[in-house]
Amino acid sequence: MIGNAPFFVVGVLFMMALVGIFMSRNLIKIAIAVTILGSSVNLFLVSLGYRAGGSVPIHFLAGEGEVMVLPTPQAMTLTAIVIALAVTALLLSLIMHVWRHYGTIDVDEVRRLRG
Amino acid sequence: MGKVFTGFGYWDVGAWIIFFIVAAAYVLWLRYQGRQDYKKGTEQDEIYWSGNETPEDGEGLTVPASSAYWGFRKALEPFYDRLVGMHTGVASDILGYYVVVVAFMAAIILLV
Amino acid sequence: MKKYIFIVSAIVLGALVCGALDNVHPYGDPGTALMDDYFLANSYKSLSTQNIVTSIVFDYRGFDTIGEAAVLFTAVCAVGALFREGRGRR
Amino acid sequence: MNGFVQLIVLMLLLISAFFALWFKDLISSVISLAVFSLMAALEFYMLQAPDVAIAEAAIGAGLSTAIYIIAVRACSGVKRRQGGGPK
Amino acid sequence: MRPLSVVVRTGCDFFAWFMIVFGVNIVIHGYMTPGGGFQGGAIIATFLAFLLVAYGGKKVLSWVNEKIYEFLFEELGLICFFVLALLGIGNSFFYNFLASPLGAERTGIMSLISPAGTTVFMSIAVGIEVTGALSLVIIAMFRGIRQFAGPSLPEEEIGHDR
Amino acid sequence: MNWNEHLPALLLALPLLGAFLAPLCSLGGKTVRNAMFMAISFLTLLVAFFLWRTVLAEGIQYYVMGGEGSRLSLPSGMAVPVRIILEVDALSAFMALCGAIASFAGALFSLNYMSRFTGLSRFASLYLLLTAGMLGMMITGDIFNFFVFIEVSSIASFGLIAFWRDRPAAVEASFKYALISQVGSMFILVAAGCLYGRYNMLNMAAIGSALQMGTMEKLALVFLVGSLAMKCGAFPMHMWLPDGYAEAPTGVTCLLVAVSQASLYGLARVCFSVYGIAIGSAFIPWMIIVFGLASMFFGVAMAVVQHDMKRLIGYHSVSQVGYMLLGLGVGLLVLGDPRAMAEFGMTAVTGGLFHAFNYTMYKALLFLAAGAVYYATGKRDLNDMGGLARKMPYTAVMFLIASAAISGLPPFNGFVSKLLIYESSFAVHPFLAVVALVTSVLTLASFVKVFQTAFLGPEKGVLAGVREVPPAMLAGMAVLTVVVLGLTLFPSWSLSNVAEPAARALVDQSGYIGAIMGGGM
């Protein structure tokens, strides 16, 4: 019924996040765009492993002889989510320090290192 | 020690080192041939600075590093203006060039 | 000006990704999945773990998990180093 | 039926992501991001990945929002130092 | 941040402890039901976020001891995880040396241990580690607000510049 | 137990364990922490060396994480590997050895250099994690694991670049790197997802055995090449590199040089071992060559006009990476043509890899020497320096050796690898060799400027109290100097024992795949 809609949505989210990075001048907005980029990749991984009519990859809940969805992308996504959180925390800490030193979080004004 | 073959010729480090030793010996010999009668501590070994008073601190004597190759930079002014102007230091520009390159590569390889 | 070039190239890249992702496989039909079917078939039999994702995370791909724990530890160290209470040395 | 609900969730994903990037106000943006994470968790649940859904709900909607709000609060005081430009 | 109203604080008091129980449940039963170390650890770490939001940074940070989070949770979890991985080195690093196949005879001490083997213990270790790590991140960033917002800036390290 | 078999796992386990133990050890005080730090660095170097010896003697080593036995690559009845496999061929071992030497030297240097800072237990953890991430990128054989280790090394480097958080430029450089590197990592994850979705495998060798060029593979190739070229600093994406290198504490910069080589290794591995001949069109090889030429020329052109010492050397990194990209690109271009491969392709790959080794050694040495000058004088601007050779004779001599090596003056090791690259790229098109030669000349010019203004000339009054740096820092530099001189004096030995096995292993795609897919052994 829905065709390749999840993959399409992943592509659109990817594009929106990339465009969002260039459109926004606020560093925190840029961090939000990076988070959305990570989420779109996670969505891509999980939807890669979906099998139509498949059940949860847990024997206890799925019962005997059921078709299950692929478990590896889910394991990969778990790792990717935690990594994205770690990077987000670090980016935001750096932004806090940028605020402390520069008094602004406008991306065009944070440019002492140039040339 | 030994020769390095590159496929088109070879190169020998030993020969080079021997050449350098010989050259160094020659230079030392030339230096030894110079005048021996300079006296230390007199005005004979003072710095000659176009007849001007020699500055006390080395600060006044040196050419600062940003003035080195001034002519080179001046001759290539348009090139350097553009190249240095590219390094704006804005974070989204840095990312922008990256995305442009990846988009270009993807467009060429997927569409052509 | 430069900004518009970047935005256009981001849109181009997104559109290419959008178009290319249609070719992975039809949504909901990954086809023959040798590695995953091995996990689905063997994880309960040989490890007695009901949750196959857990068995992959902690056993089959356990090395990723230690890398991932290291990432968290790294983030803690980095954030802690950024906000450390340094003795001032003025 | 399932496909229809999924389409709605996907639409909501796109809309919340759009608003997260669109709002000028940072707090609204962060709240939209939390909604985006919740929608992503719902989508993961519909893709039969409850493990990922729990992780996304706890990390994306809970902790990530908390640290975003901390950062927004820290960066919204008065401008204290001369910023920008070369020294 | 300023403390919130008394209604919210009472709600958080009640709810925060419930989060811990829920998180521990998710960590321990990760091998059977959806969940595992990361998810449970993240939920337990939300406990601290709740308290910080409800009571404000000043009060909570005065009675939370960071060393406990750092050494008792994070380090302990990591080292347990590492040691569990290392113990399988007779076969290979990360070998699941406690697991027994379905239907195999289990006797002695082995019958007390879950048949899933090291998976369960690794899950618990990772749960402890994630709890500590995420709590520490939140504590550090909260302290960052107070570092910058105070009346005087922190003293700066002079480093190598003369 | 046969320890030789466990060497690949040990190479990663040691720095990870050291990083996890560093906070505990720093409870015991400064001495315990420093001793642990040095011991772990040294043991890692030792393990890397033994691993390299073992690989040269016995061929490709691989290690199955969590398998019944560490050599059982395929589970019974399966055609593809399911577990994470570390695969160490001659190239990986060569790169790991090079990285471990840089890591050891940087650690030795940091002992004194970092003593003016607080938070050193965090520093030790981050440093060892950066080492672990770098070594993990070099020896893993699994594409998702590669992503995880990229993230470990990137996050550790963000923390380390911003370690002096009270310096605004350091925070800014770290933020820029964090932003671009996170986007790059996400691209790599998309690429891993694409390959997984097509083949349902994550092992690089297994993917390589099944790979057929299609739309997804092309997308994955573009993302991988773009991201990894960005991470090693190819031209239009290089701008984070001088910032990050200049602002990181110097001991860390020494390691960051090696980390960028790990990205270069990833690029080579993806192009040669995973895609190989299936790469089809000549577009990607030419793209790599163009990256190489552009980074060579524009990097050095930017370097000539800099006057901040570390930033200048950072721009030289961009230009030196160009040489390696040129060598690898030429090799990739003629990969499908056995005659051209024998004629000049092999030479190009050997030159590129040997240059990677040389580059890591002398560039790390240059950074350490620049850091020593900074430590002693407190200045980074070349305009403020002068006459330091009288005050710091050892540093001056080592800087002279390194700058002669980087400019490719004949007796030094930089010349050997550059010669190989000139001659092989000349066979493709003379223009490539001309650009490489011009770059070399400009490199020499800018290092003449640095040496003349910083070390020669009259003394300045403000620098009267400068003394030579403490012995641990000198020891860190001496390690690298010894390696540079060794490579200089024995070029044919080092080529035939160090670079050529690596180049053969890189080009030999079937060997890389066969080691994993060939059965349980």
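The values are calculated or read from the model by the stated rules, or taken from the named source; none is laboratory data. All figures in this text were calculated on a predicted structure; none of them were measured in a lab. Positions of Cβ are generated from backbone atoms using ideal geometry, with glycine treated the same way; all protein chains shown enter the neighbour counts. Calculation scope for accessible area: heavy atoms of the full protein, side chains included, ligands and nucleic acids excluded. Shrake-Rupley method; radii C 1.70, N 1.55, O 1.52, S 1.80 Å.
Quick look at the numbers
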| item | result |
| --- | --- |
| For F:Met346, solvent-accessible area (1.4 Å; no DNA, RNA or ligand), Å² | 50 Å² |
| Between the stretch F:369-409 and the stretch D:1-23, the Cα center-to-center distance that results, in Å | 59 Å |
| Chain E - accessible surface per residue (Å², probe 1.4 Å) | 44 Å² |
| Crossing angle, helix D:2-22 versus chain D [Cα axis fit, 0-90 degrees, rounded to tens] | 10 degrees |
| Global form of the stretch D:1-67, assessed from the alpha-carbon gyration tensor, a/c cut-off 1.5 | oblate |
| Interface burial for C against E (accessible surface, 1.4 Å probe, total of both chains, Å², rounded to 100) | 3100 Å² |
| If the convex hull is drawn through the Cα atoms of the protein assembly as shown, its volume per residue in Å³ | 172 Å³ |
| Options F:Ser492, F:Phe147, F:Tyr113, ranked by Cα towards positive dipole end of chain F, top entry (Cβ charges) | F:Tyr113 |
| Given A:Lys29/C:Lys2; F:Lys363/F:Lys418; F:Lys30/F:Lys379; F:Lys379/F:Lys460; B:Lys3/F:Lys418, the pairs whose alpha carbons are separated by over 18 Å | A:Lys29/C:Lys2; F:Lys30/F:Lys379 |
| Test item: Cα-centred dipole of chain B, Lys/Arg +1 and Asp/Glu -1 on Cβ, debye | 640 debye |
| Computed log₁₀ I(q)/I(0) - Debye formula, equal Cα scatterers, no solvent, chain B, q 0.20 Å⁻¹ | -1.09 |
| Lys, Arg +1 and Asp, Glu -1 on Cβ, resulting dipole of the stretch F:78-233 about Cα centre, debye, nearest 20 | 340 debye |
| Ellipsoid equivalent to the stretch F:1-125 - semi-axes via the Cα gyration tensor, in Å | 33, 16, 11 |
| Cα-Cα P(r), the stretch F:278-358, percent of pairs per 10 Å interval | 21, 41, 26, 10, 2 |
| Average projection area in nm² (convex hull over Cα atoms of the stretch F:78-201, one quarter of hull surface) | 9.0 nm² |
| Mean projected area (nm²) of the alpha-carbon convex hull when the stretch C:33-90 is viewed from all directions | 5.9 nm² |
| Relative contact order (percent, whole number), chain B, Cα cutoff 8 Å, 6+ residue spacing | 7 percent |
| FRET efficiency, B:Tyr32 to B:Ile108 (Cβ-Cβ, R0 51 Å, nearest 0.05) | 0.20 |
| Lysines whose Cα lies under 19 Å from that of E:Lys58, excluding same-chain neighbours fewer than 8 positions away | E:Lys67 |
| Rg [Å, one decimal], Dmax [Å, integer] - the stretch F:281-489, C-alpha atoms | 18.2, 63 |
| Largest-first principal axis extents, alpha carbons of the stretch B:5-53, Å | 59, 24, 13 |
| Net charge over other residues, Cβ less than 14 angstrom from the Cβ of C:Phe6 (K, R count +1; D, E count -1) | +1 |
| The protein assembly as shown, helix-only ellipticity at 222 nm - DSSP H runs n ≥ 4, -39,500 (n - 2.57), divided by all residues, nearest 500 | -22000 deg cm²/dmol |
| Hits among lysines - C-alpha to C-alpha of F:Lys218 under 25 Å, sequence gap 8 or more where chains match | F:Lys231 |
| Rh by Kirkwood over Cα pairs, then Stokes-Einstein D for the stretch F:390-521 at 0.692 mPa s and 37 °C, µm²/s | 182 µm²/s |
| Interchain or long-range residues, amide H under 5 Å from A:Met68's placed H | A:Ser55 |
| Solvent-accessible area per residue, Å², over the stretch D:24-75 with all protein chains present [probe radius 1.4 Å] | 29 Å² |
| Solvent-accessible area buried by pairing B with C, both sides, nearest 100 square angstrom, 1.4 angstrom probe | 800 Å² |
| Kyte-Doolittle at least -0.5, axis length at least 30 Å by Cα - qualifying DSSP helices, chain F | F:30-58, F:90-113, F:168-199, F:283-304, F:309-333, F:346-377, F:430-454 |
| Furthest towards positive pole of dipole, F:Gly266, D:Val5, C:Leu72, structure part the protein assembly as shown, Cβ charges | C:Leu72 |
| Magnitude of the charge dipole, chain F, Cβ model with Lys/Arg +1 and Asp/Glu -1, debye to 20 | 1060 debye |
| Global geometry of the stretch E:6-149, whether rounded, prolate or oblate, following the gyration tensor of its Cα atoms and the 1.5 cut on a/c | prolate |
| Relative compactness, the stretch F:162-272, computed as alpha-carbon Rg over 2.2 N^0.38 Å | 1.23 |
| Alpha-carbon gyration tensor eigenvalues x 5, square-rooted, for the stretch F:200-241, Å | 26, 11, 7 |
| Carbon/sulfur fraction of accessible area - chain F, other protein chains in place, 1.4 Å, % | 66 percent |
| Charge dipole (the stretch F:352-434, unit charges on Cβ, about Cα centre) - positive-most of F:Pro410, F:Tyr362, F:Phe399 | F:Phe399 |
| Mean projected area in nm² (Cα convex hull; one quarter of hull surface) for chain F | 22.5 nm² |
| Accessible carbon and sulfur surface of chain A relative to its total accessible area, %, 1.4 Å | 58 percent |
